[in-house]
DNA sequence: CGCTAATCATTAGTGCACTAACTAATCGCC
DNA sequence: GGCGATTAGTTAGTGCACTAATGATTAGCG
């Protein structure tokens, strides 16, 4: 490979339309944008919806547990949970026997909201005109990419 | 299909670990997280990097033009461009002959930063252990997804 | 022309998302 | 049993990202 080839390649590498990170952030924002009108009917934002999904699977659970599941900093979730408490979808109290931990628990209202939420995934697939299989393929691609970001940097590997 | 099958399927559809939107937002944040230490050496955040990519392709261009390219609201870019101006990477002035439009232009310092940026895409691929081909495949998948989000809702189609 | 409608940018306000700094509680280990 | 280190949450501060409202300019049309 000549020096000219190399510099041309590096120039092309900087084209906005070729950046995976650009396509990825746009896709993320765009898909969340599709959820927005759907979730508005439930009175939820998209990050709040993900927290509710976690709690519908298991409640009560600690903030630490939720932050591990969602791969979010506790500091991000703190104000978010405060707003869910204000909406009376969850309660926040200390864990008996471990006063450090915060027990986050669905209220009856929060648990009941699940009924309405069951329709959401189907509505999104409909809106995006995607089959379950296509969704699963994209999901797998994203999971692989996430795994790639979380491995140690190659230079740090002994 | 029985009623039981349907309700089971809807229950599964709400599992956090199966949500494309979840995998997508995590992937987006994680990949941006990989860029962070690399871009810190250039003094840029990731959104600022994307704006600079746009300007390295063409400068000057208007805010409106940039917001169309990045699929961002002008209101999002306004404060971002102000910070890039404070860093002396761009200038902001009105377009002669159209006082509504804002001409955003690279400074010499901003144009020179491109030198250092040429190394970024390769460093990211290295860090993620992805080939150009794998990046292209993922990019294509994201582009398809973006297109799906931007088509009209099916119910609104006559 | 002159007026109305459309266009472009900015500001205000809400909600994430992160880091750093801080507080409080618990664990471990002598 | 007490003391240092660790763990769990919260708060403060910065920077996106969006909507809605505002202001300024331009285009278009009778």
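Identify all residues within the stretch A:70-114 that are under 20 Å from residue B:15 (Cβ atoms) and under 16 Å from the mean Cα position of the chain (by Cα); write none if there are none.
Across the stretch A:70-114, the qualifying residues are A:70, A:71, A:72, A:77.
Can you name every one of the helices (runs of 4 or more DSSP H) wholly within the stretch B:16-80 that holds 2 or more residues which are touching a residue at least 60 places away in the same chain (Cβ under 8 Å), within 13 Å of DNA strand C (Cβ to nearest atom) and within 28 Å of residue A:139 (Cβ to Cβ)?
Helices (runs of 4 or more DSSP H) meeting the threshold: B:20-40.
Listed residues A:59, A:67; which is within 14 Å of another protein chain (Cβ to nearest Cβ), farther than 23 Å from residue B:149 by Cβ and more than 18 Å from the chain's Cα centre (by Cα)?
A:59
No value in this document is a laboratory result; all are computed from the given coordinates. Keep in mind that what you see is a predicted model, and the values were worked out from it rather than measured. Counting neighbours? That spans all protein chains shown, and the Cβs are built from the backbone with ideal geometry, glycine included.
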